[in-house]
1. Quick check on my filter: what residues within segment 42-98 are at pLDDT below 90 and among the hydroxyl-bearing types (Ser, Thr, Tyr)?
2. Would a scan of segment 58-66 turn up a residue that is of a type in the set (Gly, Ala, Ser), touching a Lys or Arg at 6+ places or on another chain (Cβ under 8 Å) and in a helix (DSSP H, G or I)?
3. Just need a number here: residues in segment 39-79 that are surrounded by fewer than 10 Cβ atoms within 10 Å (Cβ to Cβ), within 30 Å of Ala17 (Cα to Cα) and under 19 Å from the mean Cα position of the chain (by Cα).
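The values are calculated or read from the model by the stated rules, or taken from the named source; none is laboratory data. This is a predicted model, so every value here is computed, not measured. Note: ideal-geometry Cβ built from the backbone for every residue, glycine included; neighbour counts use all protein chains shown.
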Amino acid sequence: MAKKKWERRGKQFKKQAVEQMESCANISALSQELGVARRALYNWKAEQAAAAEPRSPEQNLRRENARLKQSLPEKVLQLDFFAGALRRIEERRRPSTGSGGTPSTSRSGK
């Protein structure tokens, strides 16, 4: 099968392709006929099965917990970045000498 430029398929196309898979004996031939990768057909089938499957509250909590665990390291990095930036700003505001000299940055006149 010649490589084609990647294109987005609509939900209806995917649904019909999965329906054809159910009654098809040769998935490779079907994928060639539709012009899509064989693996894409199986991915679409799995997506539709997951979407149709009702989730229990416990499953929802587990999924949310996993999502939060994945986002935690990013939030820690952001916090470290902003804490460091704030520290540098505070250091610039401190007087350079202990004699009560003018700070290197002025305070806002608000």
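1. If the condition is that a residue be at pLDDT below 90 and among the hydroxyl-bearing types (Ser, Thr, Tyr), then Ser56, Ser96, Thr97 are the ones that fit.
2. There is no residue in segment 58-66 that is of a type in the set (Gly, Ala, Ser), touching a Lys or Arg at 6+ places or on another chain (Cβ under 8 Å) and in a helix (DSSP H, G or I).
3. Of the residues in that region, 2 qualify.
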